[in-house]
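*Asks:* Please find one structure pasted underneath; my questions will follow.
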């Protein structure tokens, strides 16, 4: 039974022609680098150079840029936003460890942030009269956070996916309930209840107190301290990620059964992933609480958790620089969007980019743009011909440019706004479901309605409006880059 | 007689009322290559799952070098010296080619989280050893895996190379016994021929004892010291390739009852 042997000409040595890809060889893949088209000219050179910059150089550049911010920006508000952004970055790094590397859907993550905050607040506040030195309480709170993470992990280590999400979400609710009702645990006041603890001492090192405010302005020392902590966390986690534990965590995310069979104790790895992430969150909690000089149960609501997840997903779950960029973008955007004028610019920008992305540069794009403009001018003219108060609401900024296009009455009858909102929803449904000419017909009125609803309904209520714009931005970004801005993970369809 | 490396003693396993493996005796001696054959659903992969601890047998005992491994967690069994590949490939696709092999060193390395955070000299030395081990295991496949840059993610590999990478990963656990689940599945004739030589090389150069499930009879003939045929979870034949291949029961199991007579 030796006729199965391939003929001589097919033997591995001779089957391969000296040039070109050969059957059975993976040269096509092997030569991927040569085939990859790199951009010609200086752009290609720059791209190639940028790719060779090591990770620590990027980190140093990023940190240097962040450190220079207070030099140019003396506003206490902007500095505070900077501080909160750095805290968010730390939280995102910890969440990335659990979700991006460990692959564990942890919806209770923000509770560990709370544990760190409360440990600091309880042992360093006038309320209970303790004043533990910061050099002790910061590591202690981190360890307590990690231990609580271990405790939550213990019952959930055999769960995965949706079940783990439910259990951890339950833990977050439990934490909130305990924090809110913690003023009457067996007759003792432990957490200050729903009023929280508002007499927290600032950080102090060797008897020297780090004042939160300096001449009424936010003290920069906290900002720099947060940056130092962020760098320590970033570098430590980077090293762990490239160690046997980090590789094991990522294997766990890819295939838990294969990881177990390859000698990795999956249950233990889940616990360590959970606990390390929780420790990072608790660490972020201490400095945040010290700066705010207070802690309330509402600081740890699911909204914060969702924002954090948005940062991690947007930046690219699993990529350390990605989640940092994601945290930076979302945190800054949420601040920028608080100003209606800036939110307006972003809103129209998203719409324009969306329409261009859908139609590319084509005749249809021109048709949509022209007909939307004409539709608006005509509507505006008709409305103005009835009564000038119908179009007198617009004023200032970009609204001045739009004043002859969007109908903004001085006082909008409430039901008109609601009907417009409803019509907008119907229009959006039609525009996304219809194809070809029908879409071309429905799109201009829908776009106009969007502008109408935005100017009349959203601008007066900036609260929900900024989340809507952020949501829109996220949708567009996730369509353009499904793996996040810097994410590299791919899911293969066999 | 060579030392008994693996010994299965009256092993049975049932899922509900379905008996997958019943009263199976099997042994693999040190340095031997044993093939397990049998039609689909005969319980071959279940046998591997029993040996690696994914399932626990209802009855019977499994011993590695004389010590019972029943009731141990899969990762503990791996640390004692059994490594396997999967019939349906289970690589860590988003890890790089080299990282895939490096992960398997987890069981015989020590550096913990804190030592990794601080990058202590001991941890860095260990990292270098792991890296060296991975290079060595990947180099075992010669030019086949050499063409790749090893820092590419594993999903960029072709099907055949994924199978090779799985073998490399399994050997990086430093096993004594290697369980290969259909190593030649999905390979073309040239590659199948290569795999046959490779399995021989794994024994002579790697020093592994090998238990292999294979459907391709040419491969089975080419590598086996001994062949075990399974059907419905029981052993229906055992012996050299020729003995098993000419066994009436085996032919019936593969081709159906009655076919042997009409032939």
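Read-outs: derived from the displayed coordinates by stated rules, not from any lab. Everything numeric in this text was worked out from a predicted model, so none of it was measured. Here the Cβ positions follow ideal geometry from the backbone for every residue, glycine too, while neighbour counts run over all protein chains shown.
*Asks:* In which sequence would A:426, A:407 go, from the one with the fewest C-beta neighbours within 10 Å to the one with the most?
*Replies:* Working: A:426 12, A:407 24.
Fewest to most other Cβ atoms nearby, the residues stand as A:426, A:407.
*Asks:* Also, I was wondering about something else. Modelling each spin label as a point 7 Å along the Cα-to-Cβ direction, I'd like the residue A:126/residue A:476 distance in nm, to one decimal.
*Replies:* 4.8 nm
*Asks:* By count of other Cβ within 10 Å, fewest leading, how are B:235, B:98, B:201 ordered?
*Replies:* Details: B:235 19, B:98 23, B:201 14.
So the ranking, lowest neighbour count to highest, is B:201, B:235, B:98.
*Asks:* Tell me, what is a quarter of the convex hull surface for the C-alpha atoms of the protein assembly as shown, in nm² with one decimal? Mind showing how you got there, number by number?
*Replies:* Values: hull surface 181.6 nm².
For the protein assembly as shown, averaging the hull's shadow over all directions gives 45.4 nm².
*Asks:* Go ahead and run the numbers for FRET between residue A:419 and residue A:355, Cβ-Cβ distance against an R0 of 30 Å, rounding to 0.05. Intermediate values should be presented prior to the final figure.
*Replies:* Numbers: r = 24 Å, r/R0 = 0.81.
Computed FRET efficiency for residue A:419 and residue A:355: 0.80.
*Asks:* Separate question: Computed FRET efficiency, Cβ-Cβ of residue B:155 and residue A:74, R0 56 Å: what is it to the nearest 0.05? Don't skip to the answer; put the middle values down first.
*Replies:* Working: r = 50 Å, r/R0 = 0.89.
Rounded to the nearest 0.05, the efficiency is 0.65.
*Asks:* Turning to a different aspect of this structure: Distance in nm between label sites at residue A:208 and residue A:67, each 7 Å beyond Cα in the beta-carbon direction?
*Replies:* 1.8 nm
*Asks:* I've got another one for you. How many percent of all Cα-Cα pairs in chain B sit more than 31 Å apart?
*Replies:* 28 percent
*Asks:* For the stretch A:154-294, which semi-axes, largest first and in whole Å, follow from the square roots of 5 times the eigenvalues of its Cα gyration tensor?
*Replies:* Details: eigenvalues 253, 117, 22 Å².
Taking √(5λ) for each eigenvalue gives 36, 24, 10 Å, largest first.
*Asks:* For the stretch A:342-460, compute Rg over Rh where Rg is the Cα radius of gyration and Rh is the Kirkwood radius from the inverse mean 1/r over Cα pairs.
*Replies:* Rg/Rh: 0.96.
*Asks:* How big, in percent, is the set of alpha carbon pairs in the stretch B:42-86 lying more than 15 Å apart? Present the calculation step by step, with values, prior to reporting the outcome.
*Replies:* On the way: 348 of 990 pairs.
Percentage above 15 Å: 35.
*Asks:* If you don't mind, another one. Please state the relative contact order of the stretch A:342-460 as a whole percent: Cα pairs under 8 Å, 6+ residues apart?
*Replies:* Details: 99 pairs, mean separation 31.5, N = 119.
Relative CO of the stretch A:342-460 lands at 26 percent.
*Asks:* Here's something else I'd like to know. Throw me the Rg/Rh for the stretch B:84-209, computed over C-alpha atoms with Kirkwood Rh, two decimals.
*Replies:* Numbers: Rg = 15.0 Å, Rh = 15.2 Å.
Radius of gyration relative to Kirkwood radius: 0.99.
*Asks:* Counting only C-alpha contacts under 8 Å and six or more residues apart, can you give the relative contact order of the stretch B:109-183 as a whole percent? Don't jump to the answer; show the numbers that get you there.
*Replies:* Values: 29 pairs, mean separation 18.7, N = 75.
The normalised contact order for the stretch B:109-183 reaches 25 percent.
*Asks:* Still on this structure: If you take all C-alpha pairs in the stretch A:60-142, what percent of them are over 19 Å apart?
*Replies:* 58 percent
*Asks:* Okay, next question. Mind sorting A:122, A:367 by how few other Cβ atoms lie within 10 Å of their own Cβ, fewest first?
*Replies:* Details: A:122 21, A:367 15.
Placing the least packed residue first, the sequence is A:367, A:122.
*Asks:* Something else about it: Taking only C-alpha pairs under 8 Å that are 6+ residues apart, what is the relative contact order of the stretch A:57-336 in percent?
*Replies:* Values: 440 pairs, mean separation 102.7, N = 280.
Value for the stretch A:57-336: 37 percent.
*Asks:* Further question on the same structure: Starting from the Cα gyration tensor of the stretch B:157-248, take the square roots of the eigenvalues, sort them a ≥ b ≥ c, and report rounded, prolate or oblate (rounded when a/c is under 1.5, otherwise prolate if a/b is larger than b/c, else oblate). Could you put the intermediate results ahead of the total?
*Replies:* On the way: a/c = 1.85, a/b = 1.50, b/c = 1.24.
Prolate, since a/c reaches 1.5 and a/b exceeds b/c.
*Asks:* A further question on this structure: In terms of the Cα gyration tensor, with a ≥ b ≥ c the square roots of its eigenvalues, is the stretch B:194-263 rounded because a/c is under 1.5, prolate because a/b exceeds b/c, or oblate?
*Replies:* Numbers: a/c = 2.90, a/b = 2.25, b/c = 1.29.
Here the stretch B:194-263 falls in the prolate category.
*Asks:* Using only DSSP helix segments of four residues or longer, with each worth -39500 (n - 2.57), what per-residue ellipticity at 222 nm results for chain A after dividing by its residue count and rounding to 500?
*Replies:* On the way: 21 runs with 324 residues, N = 494.
Helix contribution divided over all residues of chain A: -21500 deg cm²/dmol.
*Asks:* Take the alpha carbon gyration tensor of the stretch A:57-336, find the square roots of its eigenvalues, order them as a ≥ b ≥ c, and report rounded if a/c is under 1.5; if not, report prolate when a/b exceeds b/c, else oblate. Numbers along the way, then the final one.
*Replies:* Working: a/c = 1.86, a/b = 1.23, b/c = 1.51.
It is oblate, given that a/c is not under 1.5 and a/b is not larger than b/c.
*Asks:* Hey, any idea what the orientation-averaged projected area of the convex hull of the stretch A:69-196's Cα atoms comes to, in nm²?
*Replies:* Directional mean of the projected Cα hull area for the stretch A:69-196 stands at 10.1 nm².
*Asks:* Okay, moving on. With all pairs of different alpha carbon atoms counted, what Kirkwood hydrodynamic radius in Å does the stretch B:22-165 show? Please list the in-between numbers first.
*Replies:* Details: mean 1/r = 0.0563 Å⁻¹.
Hydrodynamic radius (Kirkwood, Cα pairs) of the stretch B:22-165 is 17.8 Å.
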